[in-house]
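Below you'll find the structure, written out as structure tokens, and then a few comments.
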Amino acid sequence: MSAQRPLCKHLLAAPVVALALLGLCLPAPRTAHAAEASAASPAGSVKNVSGEAQVLRGGAAPLALKHGDRIFEKDVLVTGKGAALGLILRDNSTLSLGPGSRLVVERFLFEPEKGALAQALKLSRGSMAAVSGEIVKLNPAVAKVDTPLYSIGIRGTHFLLNVEPGHETPEEAAQGQTSAAPAGEASK
Amino acid sequence: MSAPRKTTGCLAALALLAALTLLPGCGKPRNVVLLLPDPDGHVGQVVVRNQGGQAQLAQAGSAVRVADAKTAPTQPEQLTPAETEALFGAAQRALPEKPVRFILYFDSETTRLTPESQALLPKVLATARERNSRDIAIVGHASAAGDENYNVDISRRRAEAVRKLIVKAGLPPEGIEVASHGSANPLVISANPHEPKNRRVEITVR
């Protein structure tokens, strides 16, 4: 059984969702619960967007975010001038970004049944509001937000932080500057 | 010290400072961490640290500033409403409401909702519509009694039954995720392995 698990994990992750969508009612395989722990579990979802908010994911072209989109570990979220973005994470923490912000979901792990918890965010510029959720309730030591100037440890619950632009790396600074796109690139 | 060139420099610096004071925050660093009360009124705690040192925020409405990575955070202070709005207004207004959780119970050994839980469904649907939710988690849980494989299986079938009910009632299926945790996530810690409160499906409407 344990030898089969990694394979099942892999094979089941997508079909489980697909089956659910089709409304099929097959008897659940016994190893199905292993599939939920797969690395592809979302960290959260987009609850609201105003203005231009994008995700940079695994080197792909920036993708405009909309209500309902899933957010994953390693995602880089950027908001444009005058934009804002609201998210709800899997541990039911809520967070939002103000205009001109860049946030990296460096690490997110929420499997309380295994005691596997982690929430590391990095705000390289801009503003963020947050109300922490289950992760901080269960183990505050694993929740932090880094910035280029300071880090914060969170024992709960409702906090805001701001980092002025200009402290990021040049690469980070270039990301999400959609309103100042290089000449020749049409901005919609 | 009183060299004219230095005086000119000082005057220029003063003029700049005067200009900055017209902005909210009065030229102080705008790298700020602010602690607010939770929606339920409770006040948490945040520790801000860097190479220069650390500061702790434990009072509602208190904030610290950070000039740079090597300078310790300032002592906690209260921000003016104008500066709070300038720094955080947009982010604060975009902060989503907390998700809402519902707990449903079933007749023993079945995927049939108890009458009380059946009666709760309209409220689940209304909440999902009100929030325009595109992210609903349905998680089945079992009590500790019995074989864990069976527990995982019945928890999943119950969660799946609930999903069918709410999709049939018209909620968009694409935002709904179904899972089973077996007995690993009890709602209450109980000496009774058959604890009925733990045999449940939790719906989280985000």
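Each reported figure results from applying straightforward, stated rules to the coordinates on display, with no laboratory input. None of the values given here were measured: they were computed from a predicted structure. Every residue, glycine as well, gets a Cβ built from its backbone with ideal geometry; the counts of neighbours run over all protein chains shown.
A simple rule links phi to the HN-Hα coupling: the Karplus curve 6.51 cos²θ - 1.76 cosθ + 1.60 with θ = phi - 60°, which for segment B:131-139 gives 7, 6, 6, 10, 8, 10, 9, 10, 10 Hz, with x for Gly and Pro.
Express the Stokes-Einstein translational diffusion coefficient of segment B:41-113 in µm² s⁻¹, to the nearest whole number, given a Kirkwood radius over alpha-carbon pairs, 4 °C and a viscosity of 1.567 mPa s.
81
For segment B:66-206, rounded, prolate or oblate, judged on the Cα gyration tensor with a ≥ b ≥ c (square roots of eigenvalues), a/c < 1.5 rounded, else prolate if a/b > b/c? Taking the square roots of the gyration eigenvalues as a ≥ b ≥ c, segment B:66-206 is prolate. The label point for A:A64 and the one for B:E97, both projected 7 Å from the Cα toward the Cβ, are 2.7 nm apart.
Shown here are the Rg and Dmax of the Cα trace of segment A:45-188, at 14.9, 52 Å. For the residues of A:63-73, the average number of beta carbons from a partner chain within 10 Å of their own beta carbon is 2. Farthest toward the positive end of the dipole of segment B:62-104, out of B:Q78, B:L95, B:A67, is the Cα of B:L95, where the dipole comes from beta carbon charges about the Cα centre.
Inter-chain Cβ neighbour count for B:42-53, averaged per residue, equals 6 (cutoff 10 Å, partner chain atoms only). For segment B:68-82, 3J(HN,Hα) computed residue by residue from phi via the Karplus equation (6.51, -1.76, 1.60; θ = phi - 60°) reads 7, 5, 9, 9, 4, x, 6, 5, x, 9, 9, 7, 6, x, 5 Hz, glycine and proline entered as x. Footprinting exposure proxy ranking of A:T94, B:T80, B:T127, fewest other C-beta atoms within 10 angstrom first, gives B:T80, B:T127, A:T94. Relative to the longest principal axis of the Cα atoms of chain B, the long axis of helix B:148-168 makes an angle of roughly 80 degrees. Run through the DSSP bridge list for segment A:44-178 and note the antiparallel percent, rounded to the nearest 5. Given both bridge residues lie in segment A:44-178, the antiparallel proportion sits at roughly 90 percent.
Return a single number: how many Lys pairs in chain B, at a sequence separation of 8 or more or on separate chains, have alpha-carbon atoms below 19 angstrom apart. Each step should come with its number before you reach the end.
Working: B:K28/B:K70; B:K98/B:K123; B:K123/B:K164; B:K123/B:K168.
Eligible lysine pairs with Cα atoms under 19 Å apart amount to 4.
B:Q118 to A:E134: FRET efficiency via 1/(1 + (r/R0)^6), r the Cβ-Cβ distance, R0 30 Å, to the nearest 0.05?
Between B:Q118 and A:E134 the formula returns 0.60.
Mean separation of Cα pairs under 8 Å and 6 or more residues apart, divided by the residue count, gives segment A:44-178 a relative contact order of 19 percent. Treating r as the C-beta distance of B:T110 and A:K74 and R0 as 41 Å, the FRET efficiency rounds to 0.45. The gain in end-to-end length when the B:H42 to B:H194 segment is fully stretched comes to 51.3 nm, 0.36 nm per residue minus the alpha carbon separation.
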